[in-house]
1. At what distance in angstrom do the alpha carbon centres of the range 306-355 and the range 118-177 lie from each other?
2. In the range 251-324, which chymotrypsin sites (Phe, Trp or Tyr not before Pro) are in a loop and have at most 11 other Cβ atoms within 10 Å, using DSSP for the loop call?
3. Counting only protein heavy atoms and using a 1.4 Å probe, what share of the accessible area of the chain belongs to carbon plus sulfur, as a whole percent?
4. Please turn the phi angles of the range 87-103 into ³J(HN,Hα) values with the Karplus equation 6.51 cos²θ - 1.76 cosθ + 1.60 (θ = phi - 60°), one per residue in order, whole Hz, x for glycine and proline.
5. Go through the chain and flag any cysteine with no other cysteine's C-beta closer than 4.7 Å, please.
6. For Ile61 and Val282, compute 0.36 nm times the residue count separating them, minus their Cα-Cα distance, and round to one decimal in nm.
7. Under the rule of -39500 (n - 2.57) per DSSP H run of 4 or more residues, summed and divided by the residues of the chain, what mean residue ellipticity at 222 nm is obtained, to the nearest 500 deg cm²/dmol?
8. So for the pair Val127, Ile161, with labels modelled 7 Å out along Cα→Cβ, what separation do we get in nm?
Amino acid sequence: MNETNVTTDEPQLTHCEVLYREQHRAASAIGWRYAVMGIVVIALQFLAGAVLSVVAPDFYINNLGFVSLLLTLVTFDVIGFLLVFLLTRNMNKVQIEKKRMPFGHLILAILISAGFCGVGSIIGVFVHTLLTLPFGGDGSTDISMIMLNSSMWLRILVVGIGAPVIEEIIFRKFLIDRTVMFGEFFAIFLSGIFFGLFHGNFSQFFFATLLGFFFAFIYIKTGNVLYTIILHMVINMTTSVVTTVLAGKYLNAIGDGTTENVMNALTTNPLPIVMYLLWIFVLFIICFVGLIVFIVTVVKKKYKLTPVEGGCTKKKTIYVSIFNVGSLLFFAETLILFANAYVLPALQYILSLEH
């Protein structure tokens, strides 16, 4: 019997082409799940705010900081967390090998985190001001007003403790455990960009994205989300608790900020002003040192991502991570948040001018 060779015209996929397809599917799978979580959280917050503004308008307006933080605690920290857990629990995942991070390395990581936070905050404030100043904005942000007009203890609970724990589990552990098998860079990119966009405004987007990349790298290299929770707590406690308390005392001291009031405060009650300015100076030094540490670490190439075989490119990984149904759905959901932060206020300002 003569054997017949069966041939096919279909080209054989390279290793990288197979990997890109897997990354594309994985990004879409994780993307739509996080989009669903975001849509549910946004809808619940909007609905609760609408109900409160009708049922108890005075309470809602006079306690906006309290209401905002409480809604975040209920809708995201509780409902959002449970929803992501349920949606992702049946996805394939890997158990990253746990490695101990020396205490000295943890301190360096805190410094680097501060550096990223400082640089990202400066860029964010610039972009935010650029987008809001022409439409009657004064450079302040809704989140800063919420922080200044809320209880310190509630900020510690929601922002200082709750957010670091829940956000690190959602955007690091849940997400990375289900994507890192397709490449460390792929998992880090998704973790950072999803985390940054979910903040919903440019004043937070840049530093949140940088920190998201960095925290994702640390989680991949240690396999222990506790380290990133600690880093996240340090950042949030520093900015949203300590800095906010000192900023509040500073603003109360200078009043409306006129030269007369500032000079009067400096002669009668200088302590809040001195403490706040000194604290900002200390933070600046810490951020500067953190950036130097990061640059030295990069130059010495102490920590590297595990390379992907076959010459696969990061550029192509970014492309397939973005351009898929699930990721685009997540981006569309976060676009609602950005539109609420910038487009809606701009339209309201333009309409007010016409009247």
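The values are calculated or read from the model by the stated rules, or taken from the named source; none is laboratory data. This one's a predicted model, so the numbers in the text were calculated from it and none came from an experiment. Neighbour counts are summed over all protein chains in view; Cβ atoms, including those assigned to glycine, are modelled from backbone coordinates with ideal geometry. To get the accessible areas, we keep the full protein, side chains included, count just its heavy atoms, and leave off ligands, DNA and RNA. Shrake-Rupley method; radii C 1.70, N 1.55, O 1.52, S 1.80 Å.
1. Using only Cα atoms to place each centre, the spacing works out to 18 Å.
2. Numbers: sites: Tyr276, Trp279, Phe281, Phe284, Phe288, Phe294, Tyr303, Tyr319, Phe323; in loops: Tyr303, Phe323.
Passing both the DSSP loop test and the Cβ count: Tyr303.
3. 69 percent
4. 6, 9, 5, 9, 6, 5, 8, 10, 9, 6, 4, 7, 10, 7, 9, x, 4
5. When partners are defined as cysteine Cβ atoms under 4.7 Å apart, the chain leaves Cys117, Cys287 without one.
6. Details: separation 221, 0.36 × 221 = 79.56 nm, distance 3.52 nm.
Full extension of this stretch gives 76.0 nm more.
7. Mean residue ellipticity at 222 nm (helix-derived): -22500 deg cm²/dmol.
8. According to this spin-label approximation, the distance is 3.3 nm.
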